[in-house]
Amino acid sequence: MRRDWMPFLTDFKNAGLVGVSGFVLSIILVPIAASGHEDTGRHKLTTAGSNTLPTLASAPERASQGIRKEKQSDQGKPERKSRRLIKKPTPPSQPAGPASTLPGTDQTATAPSTSSSKDIPGREKSSMAGSPSGTSVPSMSGVTTVAPTVPIPAASVNAGAAPGSATSPMAGIGISSGSTPKASGRSFQNLIQQAPGLSQLLTGLPPGPVIPPEPIAPLPPPLASPQPGLPAPPVNWFAYHVLNRLTYGGTPNQLNLVASLTTAAEAQNWATAFMKEQLELDPTRPWPTNLHSTSPLPAPIPIQDIALDIMLSQDKVDWRADESDSSILSPNFSELQDHDLIRKMHSRRQLKEKMVYFWDNHFNTNYRTHSKGQYELQENEAFRARAFGTFLDLILASGKSAAMMIYLNTDVNVKENPNENYAREVLELHTLGVNDQGTPNGYTQFDIVEAAKAFTGWDNTPDVRGGFRFVSSRHSPGSKLLLGQSIPFNGSGPSEGEQVLTLAARHPSTARHLAKKLCEYFVSDAPSPALVNEIASVFADSNGDIKKILIAIFTSSDFMNVANYRGQVKTPLEYLVGLYRNLGVWSSRDPFRTRLVGVGQSIYEFAPPTGFKEKSIEWLNTNVLFHEASMAYETTINGFGSTIRYGSPSSGGSIRLWMDELKLTTEEQILGFLTNLAVDRMVTATEYQLYLSTLRAGLGGNAFDIKNASREDALDRTMATILTNPRYLYQ
């Protein structure tokens, strides 16, 4: 090793990262050495849960684990069609209700005819060398490339956000500004940008206050046979509850820690501190009380996650440069999904990942409409940078993303023939919503038509970077009238569309619509009207401050009510990611990604703009239950068609050796540990006897001995039996 790297290694040792320095060097030096060459000896990452640093797998292990991701060919683009849920009436000459007019604006507004036709009259086209697939692209005459009028608040940018998120007001959206293209992802500088925690160590800049690493928890106590009858919630139920709802599932270490809390007060204190940490608040300070105001919350305290940053950077090594722009790394579909699963499965920022999924699902797009991995990735990273920001920031980022503009046809929305698709979904799904009977909450077909005209001229850049641009020659002239308010004409910029989003985001119906969705996501399928009203009030009073809304939810009496403990059914995504986290899986994610496709919750691939449903009734069916039970068996029992390994990497995937390493030797100790991973140690007397008899299978009159190799199969089947208990479906 070169001597000039020795101080670097010393810094790592002094930072407490013993054992990681050699790994970090391999991550840095391998991509640099391989720059411009095919990577023939790729190092892959494995991890035991999310609490240990990655380790290098040997070549035989890489082969046996099937680490190399399968390449899936992209299907052809489906025809995009206009969808309408409101019967279009004859446009009135004047909308019903009073119209407040902004000073100096034209009060006239007309409703043009609507069409989703791809034939765009008057759209200027020219042949452009180097354009993708040699297709014609619009003339750049009258084109302005712009950023949203509402930048990201500095406090909402996470320290672990994607490159560029801290400096650009449209971080993650890929605004085209004529700047020099970024490096291809293999350079040293780009690697550092992708690993903010590593960058901090290398630059020597003093870090801000950070959340400390998780302590190593003691093992759960032994589990004795319970009394007959239904099990009561454990005294520490609230700690399990918080871990279940704010994360994709606890890791073995987190679950061990919760099991060690022996009183309700201890559980309450731990859960409160954990919620504050996940919200990037100081765990030692009281909850903020300024929820019903626009005054700012304290500066965020980011959760540092160097191990995840390194994993994400290393995962990009196989990504190919886009054919039309070698400076753009464009993941194929399976790589895009795998990159997303890395975050969900391994990130310490679990609440942020749950919120990123919520927004990605709320503002749903479909990869199959454009087949550009970077478009979905850019949008996802934009949501991550704004996950705890304001709703207006989020909807502006969504509306100006290439993924959304192509998915809902904003890119073909022109003055001669306004396309209503995006305008309709903005009002129907993204903001005001509809009631239980499907009736619009405060908007009409006229509002949809006017909004569509305001969005004319919005488009994505013709290159593959997925930026936003405004084409003034395609913008509909005249003022627009939306929700009773006049929007003045501005043909030189996208501000009319931005005003549409602002008015919709701040409408009272939007506050209630989003409040109900968030309460359903975190509290109950049927949240109480009182809770929804309170959260809607916080939403309106704070101008859609997401972090304040979450604080209000987590400190509500409904969230802290034991009646809601384990009262929600896991979606397939939550089930499968939770299975990975609960068992500390350290082998390939591919089987989990593949199973998500089979069960019907494929990431980035849902055609309807509604997004996936969250309520229990959507996921309690034979197809879902079959796939979830199959995954539980595939993970735990050898011979079910996969090479999934969990527990301790040093045990090689053997549950018996894992138990032996942990010095769990008795049946009561083992059952206490295994039931804690899956069902919060809640078992009936009948279930306990079933688990015990499975553990003793084949012993005859012999005593249980963890050293006996024949116990491997019995332990596998015991774990599978616990996981296929219907109790594991609930969180």
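Put simply, of LEU583, LEU596 the only residue that is under 22 Å from SER371 (Cα atoms) and crowded, with 20+ Cβ neighbours inside 10 Å is LEU596.
Looking only at the range 603-614, decide whether some residue is open to solvent by 30 Å² or more (accessible area, probe 1.4 Å), over 26 Å from the mean Cα position of the chain (by Cα) and either not assigned by TED's automatic domain parsing to the domain that holds ASP340 or not polar (S, T, N, Q) (or both). Write out each step before concluding.
Step one: filter the range 603-614 for residues open to solvent by 30 Å² or more (accessible area, probe 1.4 Å), giving 605-608, 610, 613-614.
Then keep just the ones that are over 26 Å from the mean Cα position of the chain (by Cα); that gives none.
No, the range 603-614 contains no residue that is open to solvent by 30 Å² or more (accessible area, probe 1.4 Å), over 26 Å from the mean Cα position of the chain (by Cα) and either not assigned by TED's automatic domain parsing to the domain that holds ASP340 or not polar (S, T, N, Q) (or both).
Grab the helices (runs of 4 or more DSSP H) fully contained in the range 653-731, keeping just those with 2 or more residues being under 25 Å from GLY639 (Cβ atoms) and among the polar types (S, T, N, Q). It would help to see each step written out before you state the result.
Details: elements: 655-661, 667-679, 685-695, 711-723.
Hits in the range 653-731: 685-695, 711-723.
Note on the range 411-424: residues that are without any contact (Cβ under 8 Å) to a residue 60 or more places away in the chain and β-branched (Val, Ile, Thr) total 0.
Within the range 567-578, is even one residue closer than 26 Å to ARG343 by Cβ, surrounded by 23 or more Cβ atoms within 10 Å (Cβ to Cβ), in contact with a strand residue (DSSP E or B) (Cβ under 7 Å, 6 or more places away or on another chain) and not assigned by TED's automatic domain parsing to the domain that holds HIS370? No: zero hits.
Of the residues making up the range 542-566, those that are within 15 Å of GLN731 (Cβ to Cβ), in contact with a helix residue (DSSP H, G or I) (Cβ under 9 Å, 6 or more places away or on another chain) and open to solvent by 10 Å² or more (accessible area, probe 1.4 Å) are VAL562, ASN564, TYR565, ARG566. Checked against the criterion of being under 19 Å from the mean Cα position of the chain (by Cα) and either buried (at least 24 other Cβ atoms within 10 Å of the Cβ) or in contact (Cβ under 8 Å) with a residue 40 or more places away in the chain (or both), the candidates LEU408, LEU427, LEU396, LEU432 yield just one match: LEU396. Taken together, the residues in the range 413-424 that are part of a helix (DSSP H, G or I) and either among the small types (Gly, Ala, Ser) or open to solvent by 10 Å² or more (accessible area, probe 1.4 Å) (or both) amount to 1. Total residues in the range 523-548 satisfying the condition of being touching a Leu at 6+ places or on another chain (Cβ under 8 Å) and either in a loop (DSSP other than H, G, I, E, B) or touching a residue at least 40 places away in the same chain (Cβ under 8 Å) (or both): the figure is 11.
Within the range 643-691, the set of residues being crowded, with 17+ Cβ neighbours inside 10 Å and touching an Asp or Glu at 6+ places or on another chain (Cβ under 8 Å) comprises ILE644, SER648, SER651, SER654, ILE655, ARG656.
Could you tell me whether PRO252 is outside the structural domain of HIS346 (by TED's automatic domain parsing) and at pLDDT 95 or above? So PRO252 passes the test.
When the range 633-666 is examined, which residues are found to be at negative phi and of a type in the set (Gly, Ala, Ser)? Walk me through how you get there before you give the answer.
Step one: of the range 633-666, the residues at negative phi are 633-638, 640, 642-646, 648-651, 654-662, 664-666.
Once the filter is applied, which keeps residues that are at negative phi and of a type in the set (Gly, Ala, Ser), the range 633-666 yields SER642, SER648, SER650, SER651, SER654.
Identify the residue in the range 495-553 that is in contact with a His (Cβ under 8 Å, 6 or more places away or on another chain) and among the small types (Gly, Ala, Ser) and, among all such residues, is nearest to LEU297 (Cα to Cα). Looking at residues that are in contact with a His (Cβ under 8 Å, 6 or more places away or on another chain) and among the small types (Gly, Ala, Ser), I get SER542.
If you check LEU243 against the conditions, is it open to solvent by less than 10 Å² (accessible area, probe 1.4 Å), farther than 26 Å from LEU664 by Cβ and touching a helix residue (DSSP H, G or I) at 6+ places or on another chain (Cβ under 7 Å)?
Values: open to solvent by less than 10 Å² (accessible area, probe 1.4 Å): yes; farther than 26 Å from LEU664 by Cβ: no; touching a helix residue (DSSP H, G or I) at 6+ places or on another chain (Cβ under 7 Å): yes.
Taking the combined requirement at face value, the residue does not satisfy it.
For the range 615-642, filtering for residues that are more than 30 Å from SER654 (Cβ to Cβ), assigned to a helix (DSSP H, G or I) and open to solvent by 40 Å² or more (accessible area, probe 1.4 Å) leaves 4. Just name the residue that is farthest from GLN378 (Cα to Cα) out of those in the range 299-333 that are hydroxyl-bearing (Ser, Thr, Tyr) and touching a helix residue (DSSP H, G or I) at 6+ places or on another chain (Cβ under 7 Å). Out of the qualifying residues, it is SER324. For the range 435-458, residues that are among the basic types (Lys, Arg) and open to solvent by 20 Å² or more (accessible area, probe 1.4 Å) total 0.
The values are calculated or read from the model by the stated rules, or taken from the named source; none is laboratory data. Every value quoted in this text rests on a predicted model; they were computed, and no experiment measured them. Every residue, glycine among them, receives a Cβ derived from its backbone with ideal geometry; neighbour counts consider all protein chains shown. Areas reflect the complete protein model, heavy atoms only, side chains present, ligands, DNA and RNA absent. Shrake-Rupley method; radii C 1.70, N 1.55, O 1.52, S 1.80 Å.
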